[in-house]
Structure formats: structure tokens, C-alpha cells
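The values are calculated or read from the model by the stated rules, or taken from the named source; none is laboratory data. If you're wondering where the values come from, they're calculated on a predicted model, not measured in any experiment. Glycine also receives a Cβ, built like all others from the backbone with ideal geometry; neighbour counts cover every protein chain displayed. Protein only, heavy atoms only, side chains kept; ligands, DNA and RNA dropped before computing areas. Shrake-Rupley method; radii C 1.70, N 1.55, O 1.52, S 1.80 Å.
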Amino acid sequence: MSRKDKIIDGKKIASEIQELYSEIQVLKTVIPKKPGLAVILVGNRKDSQAYVRMKKKMARRLEIVDFEKNLPENVSQEELLQVVKDYNNNPDVNGILVQLPLPKHIDEETILNAISPEKDVDGFSPINMGNLCMKGREPLFVPCTPKGCIELLKRSGVNISGKKAVIVGRSNIVGLPISFLLLHENATITICHSRTKDIAKEVKDADIVIAALGAPEFVKGDWIKKGAVIIDVGINAVPDKTKKRGYRLVGDVDFDGCLKNASKITPVPGGVGPQTIIQLMKSTVEGFKRQNGIKKLL
């Protein structure tokens, strides 16, 4: 298999979901409003800034109104809570996303709890996460990056059912929710973390590897068994003097090393990121319909 055939092009797959734009155009004929998405960014993390830029670009392309709030690193928790509350009360905002991670002085749980579940398009509120974790329950929203990972696998022709999936990382953002989504798809899952005794051994048994720990090129090529599928969620800025901006973005796997044995692999950038963003936009449109009492299109 050629290098090109192995790469899961997240940009190409995301561009195939043009039905979302068409749906928004039809919605405009039903109600004279546009869906609204509020993105709150705290601090100056390069990876977070990159994601926010991409989200704004996609929102404008789809004619979704973007409400952006950039706050300094030292913003108080009370000030951030007030911003969230203001967006909760704004009828033009159908989805609220607080870009994670937050600075250490801010309690992440408190902020996520403050987002109305009906506007929690990232699916991180306790109500939405709790429903995701229980059989027979339907969350209003599912976390966008994990949902995008499943979409990438399915649109790439990967059969998830019955496969062994190893998730490297146990964050609330990706590791835990993707484990439940994979369970819903009938995969057998293993979650690796900092206390796992032999991560390499666990990864070597995997049919599907989800790397989501935030460590540049952590997963090595000799950890991957022949034919495994790799979804690299990581996006890490590493210094690079050859680049105009002084850094380059890499994932959580050693791409060139892992490419040798993988049957399919996502690049960084251009892999999971675009699919995450399109899932966020789809969730915003779902929130818009739900909040305006639109159950189905005419």
C-alpha cells in the first residue's frame, strides 16, 4: 500500500459533508435566523489559538455566526463564569464552547458545569457526559473530537465492531469519551495512562490506536502491529527555527515511524482537526434546531 493510500485525509473527509451547508440554507427558509456559536479562549496557547482560528473559518464558510471572546491568561474565574452566563442568556447563541485546557487557577469543572446543557456543543457538561456513559441514554451533544474520530474511522471503511482499540490517554476531553463511543460501536477497549506498566506492549496488541495524551511523538513506530489503524489526536507545538513562525505542529505519534506498519493513519495537521471542527458545526446546527423547536426540515 502506498503512503498516500494509508493517510486518512481529514480535510478531504470534512469537505465531503457539504450537506451541512445545504441544511443551513434550508433552515434559513424556515426561520429568519442563523445558527450562532460562541467560542471562549483563555490565554495564548498556540495549539488552542490554531484550533480557534480553524473553527472561526469554518463557521463563516457555513454562514454560522461566530461570537468570539478572547480572555487573558490571568482572567479570574468569576469573570469567565460571567462570560459563560451571558452567552447562556443570549438567544442568538445556540452553542457555547470553552477552549480547553484552561489555566491552572481556574476550576475546569466549575466552568463546564456553568454551560447550559442545551448549548453544550462540546458535550462536556455532567449531564451530557453522564448520558454518554450509560447504556440506553442519549446525550444532547457528544464531545466533538471523539465523535470526529469515529467519523474518520467509518468514512475510511474501518470496521470497528469486534476490534481491539487501545486509547493512549484518559483525559475528559478525548480519552474517556472516545472509550465509550468505541464501546457503543462494539469494540473491546484498553485505556493506557501514566500508571500503565508497559504501554508499548498494550499498543502492540491493538487493531485501532487512539493517541490522545498531549506528548509530542510519544507513540513509536515499533509499537504498532502490522495493519493497525492509527488516529492521532495530538497537536503539539515544537520549536523549529526553519519555520517562519518558529515552531511546527506534530502529533502524539511518530508519524514516519508508525506509517511503516499502519494500514491507515491520520496526519497532524490535517487529520482529526478538520473533522472535530465539522462535528462542532453540526452540533451547533442541532442546537439551533432544538432551541427553535425545529424537529425536522420541510
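One table, with the values for the structure above:
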{"read-out": "Of the trypsin sites (Lys or Arg not before Pro) in the range 63-160, those whose Cβ has at most 14 other Cβ within 10 Å and which sit in DSSP loop", "value": "K104, K135, R137"}
{"read-out": "Percent carbon-and-sulfur accessible area, the range 36-159, ignoring ligands, DNA and RNA, probe 1.4 Å", "value": "48"}
{"read-out": "Inter-part distance where the range 191-253 and the range 21-76 are each reduced to a Cα centre, Å", "value": "28"}
{"read-out": "Accessible area, probe 1.4 Å, largest first, for residues D252, D66, D205", "value": "D205, D66, D252"}
{"read-out": "Model label zone, D107; criterion: amide N under 17 Å from point 7 Å along Cα-to-beta-carbon; scope the range 52-77", "value": "76-77"}
{"read-out": "Percent carbon-and-sulfur accessible area, the range 208-298, ignoring ligands, DNA and RNA, probe 1.4 Å", "value": "53"}
{"read-out": "Percent of beta bridges antiparallel (DSSP, the chain, rounded to nearest 5)", "value": "10"}
{"read-out": "With at most 14 other Cβ atoms within 10 Å, longest stretch of the chain clear of loop GluC sites (Glu not before Pro) (DSSP)", "value": "74-298"}
{"read-out": "Value at 222 nm in deg cm²/dmol, rounded to 500, when DSSP H runs of n ≥ 4 in the chain each add -39,500 (n - 2.57)", "value": "-11500 deg cm²/dmol"}
{"read-out": "Over the range 162-298 - Rg/Rh using Cα atoms and the Kirkwood inverse-distance radius", "value": "1.06"}
{"read-out": "Förster-model FRET efficiency, 35 Å R0, E78 and V238, C-beta, rounded to 0.05", "value": "0.50"}
{"read-out": "Probe 1.4 Å - accessible area at Y51, Å² to nearest ten", "value": "40"}
{"read-out": "For H105, solvent-accessible area (1.4 Å; no DNA, RNA or ligand), Å²", "value": "100"}
{"read-out": "By accessible area with a 1.4 Å probe, ligands and nucleic acids excluded, highest first: order of L102, L176, L183", "value": "L183, L176, L102"}
{"read-out": "Fluctuation leader among A212, A200, A59 - the chain, Gaussian network, Cα springs under 10 angstrom", "value": "A200"}
{"read-out": "Histogram of C-alpha separations across the chain, 10 Å bin width, %", "value": "6, 27, 35, 24, 8, 0"}
{"read-out": "Accessible area in the full protein assembly, largest first, 1.4 Å probe, for K6, K225, K11", "value": "K11, K225, K6"}
{"read-out": "Length-normalised contact order of the chain in % [C-alpha pairs under 8 Å, at least 6 apart]", "value": "21"}
{"read-out": "Too-long pairs where the Cα-Cα distance tops 32 Å, listed order kept, from K6/K243; K4/K34; K11/K164", "value": "K4/K34"}
{"read-out": "Computed over the range 13-140: relative contact order in percent, which uses C-alpha pairs under 8 Å that are six or more apart", "value": "24"}
{"read-out": "Average accessible area per residue (Å²) across the chain - probe 1.4 Å, nucleic acids and ligands excluded", "value": "48"}
{"read-out": "Loop trypsin sites (Lys or Arg not before Pro), the range 189-223, which have at most 14 other Cβ atoms in a 10 Å radius of their Cβ (DSSP)", "value": "R195, K197, K220"}
{"read-out": "J(HN,Hα) series, the range 7-15, from Karplus relation 6.51 cos²θ - 1.76 cosθ + 1.60, nearest Hz, glycine and proline x", "value": "7, 8, 7, x, 5, 5, 5, 4, 5"}
